[in-house]
Structures are given as structure tokens and as C-alpha cells.
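Beneath this line is the structure, given in C-alpha cells, with notes to follow.
The values are calculated or read from the model by the stated rules, or taken from the named source; none is laboratory data. Since the structure is predicted, the reported quantities are computational estimates derived from the model, not experimental observations. Reconstructed Cβ throughout: ideal geometry from the backbone, glycine too, with neighbour counts over all protein chains shown. Each accessible area value is taken on the protein alone, full model and side chains, heavy atoms only, with ligands, DNA and RNA left out. Shrake-Rupley method; radii C 1.70, N 1.55, O 1.52, S 1.80 Å.
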Amino acid sequence: LFMETHMQKYNTKKLSNIQSLILYFFIFAFLGWILETIYCIFELGHFYNRGFLYGPICPIYGCGAIILLTTLKKYKNNSIKLFLYSIVIFSAFEYLVSFMLDALFSAHWWDYTNDFFNLNGRISIFYSFAWGIIAILFINHIFPFLEKKVNFLLEKTPFILQQIILNTSIIIFIIDTFISCIRYIK
């Protein structure tokens with residue numbers, strides 16, 4: 001009882017909204033990396049790091065989650081708007097990221113050239129519709145489920161440790177991004 005009361009008193013501080021978004025960025029970037037890794041194992045038959053970074057995160061998934069949470073979550077109760085807006089926003093986002101990676105590093109992390117109704121191999125109608133469906137699943141099921149688990153863990157984790165983990169993750173991410181950029185510029 002003393003320990004539980006002490007932990008409740010110890011954890012009165014909470015992450016700010018920005019810190020929470022950064023935390024979710026890392027969680028979903030990591031889950032995206034896992035998804036890409038599993039896809040590659042099934043597609044290629046072996047492990048292949050499809051991400052831009054050395055570390056086990058795909059920032060495009062983290063950014064996608066943050067876009068959903070900050071701009072499209074308000075359409076939770078309107079699946080048609082959520083679906084349509086997600087198609088437009090994520091197709092534009094995917095095209096822009098593909099264009100930037102190509103312009104900066106002359107590299108392609110995905111190519112939809114052989115897919116039906118694609119635009120310069122950067123986006124395709126199939127994946128655009130997939131983003132709409134994923135957005136509905138994410139906003140209505142995946143995020144609420146994960147948010148409960150994360151909040152439970154945060155309640156049990158001392159605030160100072162939350163800060164250390166978050167700040168360490170940011171520093172590692174910056175270093176990894178810098179080193180990865182050097183790798184692709186060469």
C-alpha cells in the first residue's frame with residue numbers, strides 16, 4: 001500500500017502534449033518498421049531493413065500517425081470523411097516523401113510503377129485506398145487500444161524515467177538520421 005501510494009504521488013507529472021506526440025511518433029515508427037520487416041520476410045524470404053535509418057524505426061509511419069492524430073482524429077465519427085481525407089492527405093504525403101528522398105539521395109524506397117493507376121511510381125490507387133482504410137482502423141481501433149496500454153505504462157513509470165527515455169530516443173534518432181543521411185549522400 002505504501003509503495004502504491006508513493007508511486008501515485010511520484011507520478012503526478014505527465015508528459016506535455018508535444019512530448020506525447022513525440023512518444024507516439026516513436027511507437028508508431030517502430031511498429032511501422034516491424035510491419036515492413038514482416039512484409040520483407042514474407043516477400044523476400046529473409047530479413048531486410050527497408051527503412052531509411054539504421055535503427056528499427058520507419059519515420060514515415062510515425063509521421064503518418066501524428067498526421068492522423070493531429071488533423072484527422074476529429075473525423076472519428078464520420079468514416080466517409082476520414083476515409084476520403086486520408087486518401088488525399090496520405091497520397092500527397094507519400095508522393096512528397098518519395099520525391100524528397102529521390103531528390104536528396106537519388107534513392108527509391110518504394111516503387112509502384114507496375115501497379116494499376118500509379119503516378120510516377122510514387123503513389124498508386126491501391127495504396128491510396130489502403131491509407132483510407134488504415135486511417136479508419138487506426139483512429140477507431142488501433143490508437144484507442146494502444147493509448148490505453150501506453151497510459152497504463154506511463155502511470156507506472158516515474159516521470160523522470162519517462163523524460164530520460166524520451167530524450168534519449170530523440171538524441172538517438174537525431175544521430176541515426178545524421179549518420180543515415182551521410183550514408184545515402186555517398
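Right, Phe116: open to solvent by 40 Å² or more (accessible area, probe 1.4 Å) and either more than 17 Å from the chain's Cα centre (by Cα) or within 19 Å of Gly64 (Cβ to Cβ) (or both) or not? Considered against the rule, which asks whether it is open to solvent by 40 Å² or more (accessible area, probe 1.4 Å) and either more than 17 Å from the chain's Cα centre (by Cα) or within 19 Å of Gly64 (Cβ to Cβ) (or both), Phe116 comes out as yes.
The residue that is nearest to Leu21 (Cα to Cα), counting only those in segment 134-173 that are touching a residue at least 40 places away in the same chain (Cβ under 8 Å) and either hydroxyl-bearing (Ser, Thr, Tyr) or in contact with a His (Cβ under 9 Å, 6 or more places away or on another chain) (or both), is Ser169.
Only residues that are open to solvent by 30 Å² or more (accessible area, probe 1.4 Å) and in contact with a Cys (Cβ under 6 Å, 6 or more places away or on another chain) were counted in segment 37-80, giving 2. For segment 81-101, the candidate set comprises residues that are open to solvent by 30 Å² or more (accessible area, probe 1.4 Å) and hydroxyl-bearing (Ser, Thr, Tyr); within that set, the residue that is nearest to the chain's Cα centre (by Cα) is Tyr95. Restricting the first member to segment 107-125 and to residues that are touching a residue at least 24 places away in the same chain (Cβ under 8 Å), and the second to residues that are of a type in the set (Phe, Trp, Tyr) and open to solvent by 80 Å² or more (accessible area, probe 1.4 Å), the beta-carbon pairs closer than 7 Å and six or more apart or on different chains are Arg122/Phe99. Can you find a residue in segment 145-163 that is touching a Ser or Thr at 6+ places or on another chain (Cβ under 7 Å), open to solvent by less than 60 Å² (accessible area, probe 1.4 Å), part of a helix (DSSP H, G or I) and not hydroxyl-bearing (Ser, Thr, Tyr)? Within segment 145-163 (the criterion being touching a Ser or Thr at 6+ places or on another chain (Cβ under 7 Å), open to solvent by less than 60 Å² (accessible area, probe 1.4 Å), part of a helix (DSSP H, G or I) and not hydroxyl-bearing (Ser, Thr, Tyr)), the answer is no, since none of the residues qualifies. Set side by side, the residues Tyr85, Tyr54 differ, and just one is at pLDDT below 95 and either of a type in the set (Phe, Trp, Tyr) or farther than 27 Å from Ala107 by Cα (or both), which is Tyr54. Under the condition of being under 20 Å from Gly51 (Cα atoms) and not aliphatic (A, V, I, L, M), the residues counted in segment 72-112 number 15.
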